[in-house]
Amino acid sequence: VKVAIIDTGVDMSHQDLSSKIKGSVNMLNKTTTDVTDMNGHGTHVAGIIAGEKTGVAPNAELYIANVLNEKGQGTMANVLDGITFAINHNVDVLCMSLGSNIPLPDIMTSRLKKAYSQGMAIVCATGNNGRQSVEYPAHYDYVIGVGGVNRNLERATFSNYGFDMDVVAPSVDILSTYKDNRYAFMSGTSTASPLVAGGIALIKSYYKKQGVELSPADIMGMLSNINSKKDRQVGYGIFDIGKMITM
């Protein structure tokens, strides 16, 4: 299963990650495939998905698009190019632990819809402002919007929420890989979305081995059946691989 991560890059030499990286592109400097992470955020996300010791799906193949700088900032154009990179590599899952509080331009939404129509499950964080307002692109109905819960499995105070959110996952003090071959605890919906992305990779792998290729709509249907109705605080509830596999 191929997972694309659009973020601050990754520690390409990290002992837990180096063998997982199958493709990379630096959208900040389009002349190189060096996606060395100067921030740490992207490496943390990658480790949650596929880290040898920290990952949900350690056998997943990672495709890294570096679209955010050392401050975690980037342009819409860079993110757009990152989505195109994921489309060109025909990945199964796209993880974007980033967002905007304003609707995205049409060119961005059409590119995301193309990724979805190509069979890509798109997973995005809802944001960390603690308000009833899901960031974009998590807001869109063809994107899996992931909020965060705390140790008591209640909505984390910082997690954005609302009926546009689909599911929640742990988001407080999550241990994963970090830049400079280190490990770190981080909190935020940016840690919840890769947990879901990694889980979806496992579910897709499970079905692929039985000759079944799950579509993004299939995944959405599974998520909507975790609970009978949606709640504005936790969406359809806590992401549950066991429940989804038995549906």
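General observations
- All positions within the range 195-221 that are open to solvent by 60 Å² or more (accessible area, probe 1.4 Å) and closer than 13 Å to residue 55 by Cα: 202
- Residue tally, condition crowded, with 22+ Cβ neighbours inside 10 Å and touching a Phe, Trp or Tyr at 6+ places or on another chain (Cβ under 6 Å), over the range 64-98: 2
- The range 28-54, residues that are in contact with a helix residue (DSSP H, G or I) (Cβ under 7 Å, 6 or more places away or on another chain) and open to solvent by 10 Å² or more (accessible area, probe 1.4 Å): 28, 41, 54
- Any hit, the range 160-169, residues being surrounded by 21 or more Cβ atoms within 10 Å (Cβ to Cβ), acidic (Asp, Glu) and within 28 Å of residue 37 (Cα to Cα): no
- Scan of the range 177-194 for residues that are surrounded by fewer than 24 Cβ atoms within 10 Å (Cβ to Cβ) and within 19 Å of residue 124 (Cα to Cα), ordered by number: 186, 187, 188
- Some residue of the range 48-62 being under 16 Å from the mean Cα position of the chain (by Cα) and part of a strand (DSSP E or B): yes
- Options 36, 54, 43; residue that is in contact with a His (Cβ under 8 Å, 6 or more places away or on another chain), touching a residue at least 12 places away in the same chain (Cβ under 8 Å) and of a type in the set (S, T, N, Q): 43
- Checking each residue in the range 110-131 for being more than 14 Å from residue 146 (Cα to Cα) and either open to solvent by less than 20 Å² (accessible area, probe 1.4 Å) or at pLDDT below 95 (or both) picks out 112, 115, 120.
- Residues that are in contact (Cβ under 8 Å) with a residue 40 or more places away in the chain and either at positive phi or in contact with a Lys or Arg (Cβ under 8 Å, 6 or more places away or on another chain) (or both), drawn from the range 96-132: 119, 121, 127, 132
- Among the residues of the range 9-27, those identified as surrounded by 16 or more Cβ atoms within 10 Å (Cβ to Cβ) and either at positive phi or part of a loop (DSSP other than H, G, I, E, B) (or both) are 9, 11, 12, 14, 16, 17, 27.
- In the range 133-165, the residues that are under 20 Å from residue 228 (Cβ atoms) and of a type in the set (Lys, Arg): 155
- Test for residue 109: is it outside any loop (DSSP other than H, G, I, E, B), within 19 Å of residue 184 (Cβ to Cβ) and among the polar types (S, T, N, Q): no
The values are calculated or read from the model by the stated rules, or taken from the named source; none is laboratory data. Keep in mind it's a predicted model, so treat the numbers as computed, not measured. For neighbour counting, all protein chains shown are included, and Cβ atoms are generated from backbone atoms with ideal geometry for every residue, glycine included. The protein model used for the area step is the full one, side chains on, heavy atoms only, and it has no ligands, DNA or RNA in it. Shrake-Rupley method; radii C 1.70, N 1.55, O 1.52, S 1.80 Å.
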